Amino acid sequence: MVRRPVAWVVAIVLFAEAIGIAALNWFMGVVVDRQDMSLAGLDPDVMSMSSKIGGLVFGLYFALCGVVALLVALRDRAPAGFGRVLLISAAVVHGLLGAFAWGLLGVPQFVFMVVVLALIVLLLMTYDARQRPVAEASRDGRGDGGGSAAVLPPPPPRPAAAEPVTPPAAPTTP
């Protein structure tokens, strides 16, 4: 049974976005190549090739983010290390793309970017909840019967009222 379907949704959306970004940039590269026009003195072949390479790089980036989301969904645990950093960077990229989409493309594209941003943030936040401790065995070694939850350790003692809160000032030389 799937407990947190948001990871599956994020993985599917990121894979679809990877294919879409790569295909769109490849198409733009083909259009620039067939026009055979120069933009501000740039070589059309260079512009075409850079569009295709950029599309493949961004497509692979979003596909890697989709793999991380898929691993989160399969393992049902929070992403850690490089995967977490990758998902956070994908959220930042979608925030920036949303800002550009608002100004250059329109409201529907902005809404799509914000929805993907919200899904990534939801993925990161749902797995960030504090885990409950596992029940421990009783002190006599017979177990606790499996019904009681473990007690959290007591908080560290607070400093006494007589101790200063801030350290004393450092001595100065005359």
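The values are calculated or read from the model by the stated rules, or taken from the named source; none is laboratory data. A quick note: this is a predicted structure, and the numbers were derived from the prediction, not measured. Virtual Cβ from ideal backbone geometry, glycine too; neighbours counted across all protein chains shown. Note: accessible area is taken over every heavy atom of the protein model, side chains too, but ligands, DNA and RNA are not part of it. Shrake-Rupley method; radii C 1.70, N 1.55, O 1.52, S 1.80 Å.
What to note about this one:
- In the stretch 46-136, the trypsin sites (Lys or Arg not before Pro) that fall in loop regions by DSSP, at most 16 other Cβ within 10 Å: Arg77, Arg130
- The Ile12 and Met49 beta-carbon pair, evaluated with R₀ = 35 Å, returns a calculated FRET efficiency of approximately 0.70.
- Rounded percent of accessible protein surface that carbon and sulfur make up, the stretch 18-115, 1.4 Å probe: 76 percent
- In order along the stretch 34-48, the Karplus-derived 3J(HN,Hα) couplings, from 6.51 cos²θ - 1.76 cosθ + 1.60 at θ = phi - 60°, round to 7, 6, 6, 10, 9, 10, 6, x, 7, 6, x, 5, 5, 5, 5 Hz, and Gly and Pro are given as x.
- Given charges at beta-carbon only (K, R positive; D, E negative), |dipole| of the stretch 1-83 in Debye: 620 debye
- Highest average first, the peptides 61-72, 116-127 ordered by how many other beta carbon atoms sit within 10 Å of their residues are 61-72, 116-127.
- Largest-first ellipsoid semi-axes for the stretch 53-98, taking √(5λ) over the Cα gyration tensor eigenvalues, angstrom: 20, 13, 8
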